[in-house]
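The values are calculated or read from the model by the stated rules, or taken from the named source; none is laboratory data. Not measured: the values here are computed from a predicted model. Reconstructed Cβ throughout: ideal geometry from the backbone, glycine too, with neighbour counts over all protein chains shown. SASA here: full protein model, heavy atoms, side chains in, ligands and nucleic acids out. Shrake-Rupley method; radii C 1.70, N 1.55, O 1.52, S 1.80 Å.
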Amino acid sequence: MGFATDAIHSGQEPDPATGAIIVPIYQTSTFVQEELGKHRGFEYARTANPTRSALERNLAALERGKYGFAFASGMAAINALLTLFKSGDHVVAGHNLYGGTVRLFERVLKDFGLTFSYANTTRLEDVERAVRPNTRLLFIETPSNPVMEITDIAAAAELAHRHKLLLAVDNTFMSPYLQHPLELGADIVVHSTTKYLNGHSDGVGGAVILNDPALAERLRFLQNAAGAVLGPMDSWLVLRGVKTLAVRMRQHNENGMTIAQFLAKHPKVKNVHYPGLPDHPQRQLAKRQMAGFGGMLSFETGSLENAKTILKSVRLCSLAESLGGVETLISHPASMSHASVAAADRERGGITDGLLRISVGIEDVEDLISDLEQALAKI
Ligand SMILES: *Cc1c(COP(=O)(O)O)cnc(C)c1O
């Protein structure tokens with residue numbers, strides 16, 4: 001089936017009890033058993049809940065994977081994934097990861113004996129140099145946040161497998177509509193469903209999708225053992241959000257490109273980071289690996305003062321953390337998402353004090369342009 005059909009139907013049968021076309025919110029903690037040892041696949045809702053199971057099947061299908069697991073947040077999903085490894089294991093990770101992921105690695109998991117190295121994963125020779133005899137995992141995000149650098153997933157998978165590592169890709173920025181890491185050779189995909197998958201800024205959640213049955217069995221054990229599962233109401237909200245993922249992403253692509261082109265031509269904007277622009281250094285790779293350029297971009301205003309003026313002046317774009325919702329959000333990476341990154345590392349990664357990030361929503365794009373136009377006029 002095509003993607004949009006899978007998004008609406010995969011993993012979701014009409015409710016066997018009533019025929020309800022929408023999977024009900026099974027708001028229950030336990031399930032009555034017919035006799036000792038005889039039940040209908042559900043015993044206790046941490047282990048499995050029918051609403052969550054429907055979402056897990058749906059997300060697995062969308063990522064072209066076999067097994068899906070839903071967690072209480074993107075961070076809970078990444079934490080569960082990292083518990084597949086053991087004290088003494090080493091992880092090579094991208095140098096521009098989501099700040100919360102770096103915080104989890106550096107300030108939580110290090111205390112449990114995992115070690116981490118960071119490399120610019122757009123340069124695979126840097127990644128190769130970081131691999132040690134005890135490395136078990138390569139963890140990447142592509143495009144990176146907020147400067148939209150692209151890592152070649154197929155080449156990263158080849159490198160990982162040559163060194164007997166697993167490759168995990170955080171696919172949050174693209175959503176499965178725009179990028180299928182498992183088909184490109186990755187072993188594991190993680191998502192913050194909080195972003196494009198839910199798409200309506202009304203829930204926090206996360207997911208892990210993979211193909212290997214032994215890894216899946218272990219992750220199922222860990223999901224139940226540690227218990228950071230997504231609740232039935234939140235699972236239902238993601239299922240509902242996903243039904244419109246294809247049409248939303250098409251509009252995010254279109255609006256993202258239009259805003260990027262508008263900013264690139266604007267005399268007061270210095271530099272626009274968007275993989276769809278002709279001067280993006282990895283446009284060819286982006287075209288090959290992604291089915292669209294998405295709705296995330298960042299641009300250089302020249303100074304902290306200019307960035308502040310724009311943030312104060314926008315009326316339709318909202319100043320907020322997060323991304324991937326139907327409404328346009330604008331943020332200041334240096335003081336928001338990347339505040340915990342050392343200033344020197346920020347500058348090196350292009351995250352200057354004048355950089356603003358936009359998660360382009362699906363409003364009428366003319367309205368977004370007028371809003372940005374009047375805000376840019378103030379600097
Ligand atoms: C938001 C985000 C996360 C964390 O997800 P939460 O749902 O906020 O816990 C992880 N990775 C990326 C790329 C994100 O954008």
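Which condition does PRO181 not pass, out of (1) open to solvent by less than 10 Å² (accessible area, probe 1.4 Å); (2) assigned to a loop (DSSP other than H, G, I, E, B); (3) farther than 25 Å from GLY349 by Cβ; (4) in contact with a strand residue (DSSP E or B) (Cβ under 9 Å, 6 or more places away or on another chain), if it passes all the others?
The failed condition is (3).
Out of the residues in the stretch 180-201 meeting the condition of being within 17 Å of LEU245 (Cα to Cα) and of a type in the set (Gly, Ala, Ser), tell me which one is nearest to the chain's Cα centre (by Cα).
SER192
Go through the stretch 83-103 and report how many residues are under 23 Å from GLY349 (Cβ atoms) and buried (at least 18 other Cβ atoms within 10 Å of the Cβ).
11
Based on this model, can you work out whether ALA168 counts as more than 30 Å from GLU300 (Cα to Cα), within 16 Å of the chain's Cα centre (by Cα) and open to solvent by less than 10 Å² (accessible area, probe 1.4 Å)?
Answer is yes for this residue.
If you go through the stretch 351-379, how many residues are under 21 Å from the mean Cα position of the chain (by Cα), within 15 Å of ASN96 (Cβ to Cβ) and open to solvent by 10 Å² or more (accessible area, probe 1.4 Å)?
1
So, in the stretch 40-60, how many residues would count as being among the polar types (S, T, N, Q) and over 13 Å from GLU13 (Cβ atoms)?
2
Considering (1) free of Cβ contacts under 8 Å to residues at least 12 places away in the same chain; (2) away from the ligand (no atom under 16 Å from the Cβ); (3) under 21 Å from VAL341 (Cα atoms), say which one LEU114 fails and leave the rest.
Only one criterion is unmet by LEU114, namely (1).
Any chance the stretch 25-40 includes a residue that's within 16 Å of ASN198 (Cβ to Cβ), surrounded by fewer than 20 Cβ atoms within 10 Å (Cβ to Cβ) and among the β-branched types (Val, Ile, Thr)?
yes
Looking at (1) small (Gly, Ala, Ser); (2) more than 14 Å from the ligand (Cβ to nearest atom); (3) within 15 Å of the chain's Cα centre (by Cα), can you tell me which one SER175 breaks?
(2)
Could you please find all residues in the stretch 178-226 being away from the ligand (no atom under 16 Å from the Cβ) and either free of Cβ contacts under 8 Å to residues at least 12 places away in the same chain or among the hydroxyl-bearing types (Ser, Thr, Tyr) (or both)?
Result: ALA214, GLU217, PHE221, ALA225.
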